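The values are calculated or read from the model by the stated rules, or taken from the named source; none is laboratory data. This structure is a prediction, so every number in the text was calculated from the model and none was measured. Ligands, DNA and RNA are excluded from the accessible area calculation, which covers all protein heavy atoms including side chains. Shrake-Rupley method; radii C 1.70, N 1.55, O 1.52, S 1.80 Å.
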Amino acid sequence: MSVQNSAHEDERFSLRSLADFLGAIALCNGVGISSGLLSGGAGSDWYRALEKPSFNPPGWVFGPAWTVLYTLMGGSLAILWRARGKNEAANPALVLFGVQLALNALWSFLFFRWKSPGWALVEICVLFVAIVLTIRAAWRVSPVAGGLLIPYLAWVGFATVLNGSIWWLNRE
């Protein structure tokens, strides 16, 4: 009987773990989709009229890139979430994760909704630092959780340069 209970508990753990991962991935992608839809995104006439640097990727790149990044972020979040209560380093990492995710969403509003590449540039610099701190905190919980955020940091680094270039080319 105890073997059956143990197997049943392992199955529940696996299903719960899968649910945690899928929920975290859905949350991160949901934040990205929501901020894009609510901010007006790159499809606006204002954005199309901006002068952009030669290294600006084509518009179709952003959706797939962010989907992959938000999915990796969700994997990291799920690992951190599952570690809470078992690893005291998980709670500060979760707080930092929430901060950087909120800053991520705010950038879209500053840049697209409020049409302010300058303020968006200031904010994305803060976001970059928040991601670095999140990676450090997540790494203490799990190197995998921290490592899953490294592509995100690289993309935000590129996005910071892109944002700065757009601001520079369009300053008044």
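Give the angle, between 0 and 90 degrees and rounded to the nearest 10, that separates the Cα long axis of helix 2-39 from the longest principal axis of the Cα atoms of the chain. On a 0 to 90 degree scale, this one is about 10. The slack between Val132 and Phe158, meaning 0.36 nm per residue of separation minus the straight C-alpha distance, is 7.9 nm. Principal-axis analysis of the Cα atoms of the chain puts helix 90-108 at an angle of about 30° to the longest axis. On the accessible surface of segment 80-119, probed at 1.4 Å, how many percent belong to carbon and sulfur atoms? The C+S portion of the solvent-accessible surface of segment 80-119 is 65 percent. Ranked from largest to smallest solvent-accessible area, with a 1.4 Å probe on the protein heavy atoms, Thr134, Thr67 come out as Thr67, Thr134. Seen from all directions on average, segment 20-172 presents a Cα convex hull projection of 8.3 nm². Taking the longest Cα principal axis of the chain as reference, the axis of helix 62-83 is set at about 30 degrees. Based on DSSP H segments of at least four residues, each scored -39500 (n - 2.57), the chain has a per-residue ellipticity at 222 nm of -27000 deg cm²/dmol. Extension gain, Arg171 to Ala19, is 50.1 nm, computed as 0.36 nm per intervening residue step minus the present C-alpha separation.
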